[in-house]
Every structure is written in structure tokens, then in C-alpha cells.
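As C-alpha cells, the structure follows; a few thoughts come after it.
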Amino acid sequence: MTGEELKEKIIAYSKEIGIDKIGFTSTDPFLTLKDRLIEQQRLNYQSGFEEPDIDKRVTPKRLLPEAKTIIAIALAYPSKLENAPKSTKGDRRGLFCRASWGEDYHRVLQDRLDKLEAYIAELVPEARCQSMVDTGELSDRAVAERAGIGWSGKNCAIITPEFGSYVYLGEMITTLSLEPDNEITDQCGTCNKCVDACPTDALVQGGQLDANKCIAFLTQTKDFLPERYRKKIGNRLYGCDTCQTVCPENKGMDHHNHEEFEPDPEVVKPQLLPLLTISNREFKEKYGPIAGSWRGKKPIQRNAVIALGTYKAEEGVETLVYLLNNDPRPVIRGSAAWSLGQIATDEAVQALEHAHRQETSEKVIEEIDYMLEEFSVK
């Protein structure tokens, strides 16, 4: 079998198993990416979730020395939530980003890669492969860009002509020698809508992201959220879609190609109040299957607390007061103090004054002091 025939068979099989797009590239080092990553480190723009060894991220043969080809795959996901419940006064809801709708994409893409790897083993038993989805050493975006899946947009996402940027990415390093595909020419042009629309100015410029300002990153942190970002997060519980929703290339893009990615509206747009008192077991049962649960319930609960404050949701006061007085986690108590200060009913203010007398955490006391000072100024 020639390399061309083998490639055609792999492409055909990928369609059979539900891979929406596939591309091929060499295992040459990603030299341009290396320069960018070094600059990101210098500017302290990294999130800390990345592989710290830059050489591993840009040198595929560090992972599989005899590798010759990288196979990149993409699966499209929906952008519209059908039968979405409304967030109304007295019944406020939070929101998980689109990339967390349905079953955790890591599992779904890994399933497709495992099937593809098994198929390759049938065709070429001596072939060696190594797959990864998001958490591997390589940059999914850099691989997908070079393999012709799409171009790297100013919003730091891969934009495909067929599905916009609403795609999950994965890749497989292999010892097979297959003809590489051509890159797609950048189509962003002079458009700067994503950079202009970013709520926290995290897109420093087209294609450069300060992850520490990015709402998608901030919603996944476990510590106190910087006060300047709290209202900007709004009702987001996990992730942020702003730089995708404003992108002209995503207009009309809503692909329901995979049953696994179909969202449960009550999971991805849940009521805020029940989240505040949900048990670990209940959280795992309801939210465990989605990607947005990977950091546990603490960040989700903190974000829900902040969303209630941003909404000035008076129906949340009783629960927030309970958290302020009883929750063992300082981050939750401090966030509750901030939200009570935003709601600012008499009951909320009295609760802050009472909590100030019994609180032991310096950080929580700072949050309470800040809100009480706001009231004194008013």
C-alpha cells in the first residue's frame, strides 16, 4: 500500500467514526510557536495550566523519537442551546460556556483517536502512535493550524471554514510517513471584533492572550477573584464565549453532529441558588460528566455567589448570609461578603456587621471591611 492510499483509507475511516475534519502535518519542530511561548513566559501571560517545558510543546519527536507524521482531528460542537430556560428576577441562572456542553470532550475525542489508532494498527501493525487531547504536551492549535484544519484567529482559536471556531481539537503522533496537508490562509484580515469585545482586555492584540485576564481562565481558578473582574464575569460559571460569539466567521454556525455534545439545558444553564448548597455527591452526579466540572465545585460555587451579587439578587440574601457565617472555605465566605455588599439590603448590611465581629480570616475581613466602607461612603 502506498502512502497516498494509506492516507485516503485513514481519511475515509475518520468520517465513518464521526471525525468532522482531519489533517496531516510533519513532526518538524514548531519554531515560530517556540518564539511565541518564550515571549508569553517573559510577559507572564501564561495560565499555569500549560506544560511548563517549552521544548516538549514544540518538538514532537521528544514524545515519539521515530515519529514522522502528526494527524490532527476536529469535532464540531453546537453553538445554540435549544429550549434554554430564562434567567429571570427571582430565579437567576448561571451559564457554562459552549465548550462544556454535553459529555466531556476529552473523553469523546479520545474515543475517536483510540478507534483511529486501532484502525491504523490493522493496516500497519508495526506503526506506533501516541494520541492526546488538550492535556498533552503539544499545542493543539499549532498542530491543527499546520495540518490545515483551520487558521489561528485573532481570538486565539482555530477557525475552520466549515464549522467556525466551534470545534474541539486532538492529535496523534505516528511513525507513519504521510503527505502533509497545506495550511489555510489567515482569513481574519482587518477584523478586530474579538479583540475589541473582550470584557477584560485579555486579548492584548490579535493572536496574543494574557491568560491571567481571560475570563475563561479566571472562572477556573480556586482563589479569590480580583475585585476588578467580578462584575465582568457576570453569570458565567465556567468559561467565556464572547470572542467566539462576535466572530463573523461563526455567524450561522450551529452544528449538531454528535449526540454526546447535546447539552442538558438544566445542567449548562442552571439555577444559581441550588448550586450554593449542593453536596459533593450531587455535584458529581449532575456536573461530573461535563468538561466544566474538572476543577471541582468550589470555583463553580464561588462564581455562582458572585453572579448573585452582580444580579443584585435579593432572593439570594438568606443563603449568602448562611455561607458567610458557616462555610468553612474563606473564598466562599469572602465572595459571599462581596455579593451581600452588592445586594445591599438592610439584612445584608446587618449580616456583614455581625460577620465582622466573628470572622477570623484576614482576607475575608478585608472583603467585609471593603463593603462596609462602601456603605459608609454612601
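The values are calculated or read from the model by the stated rules, or taken from the named source; none is laboratory data. Here the structure is a predicted model, which is why all the values come from computation and not from measurement. Using ideal geometry, Cβ is built from the backbone for each residue, glycine included, and neighbour counts are taken over all protein chains shown.
Data for the structure
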| item | result |
| --- | --- |
| Tally, over segment 354-365, of residues that are surrounded by 13 or more Cβ atoms within 10 Å (Cβ to Cβ) and not small (Gly, Ala, Ser) | 6 |
| Conditions (1) free of Cβ contacts under 8 Å to residues at least 40 places away in the same chain; (2) loosely packed, with under 15 Cβ neighbours inside 10 Å; number of the one not met by residue 287 | (2) |
| Count - residues of segment 328-351 that are under 12 Å from residue 302 (Cβ atoms) and surrounded by fewer than 19 Cβ atoms within 10 Å (Cβ to Cβ) | 2 |
| Checklist (1) modelled with pLDDT under 80; (2) closer than 18 Å to residue 144 by Cα applied to residue 44, failing item | (2) |
| Spans of strands (runs of 3 or more DSSP E) in segment 165-284 with at least 3 residues at pLDDT 95 or above and within 17 Å of the chain's Cα centre (by Cα) | 167-174, 236-238 |
| Any chance residue 200 is over 18 Å from residue 7 (Cβ atoms), among the polar types (S, T, N, Q) and surrounded by 14 or more Cβ atoms within 10 Å (Cβ to Cβ) | yes |
| Close pairs (7 angstrom Cβ cut-off, 6 or more residues apart or separate chains): within 17 Å of residue 213 (Cβ to Cβ) in segment 39-55, outside any helix (DSSP H, G or I) and modelled with pLDDT of 75 or more anywhere | 40/46; 45/209; 45/210 |
| Segment 146-188 - residue that is among the charged types (D, E, K, R) and crowded, with 18+ Cβ neighbours inside 10 Å and, of those, nearest to residue 26 (Cα to Cα) | 146 |
| Scope segment 297-335; condition free of Cβ contacts under 8 Å to residues at least 12 places away in the same chain and within 22 Å of the chain's Cα centre (by Cα); matching residues | none |
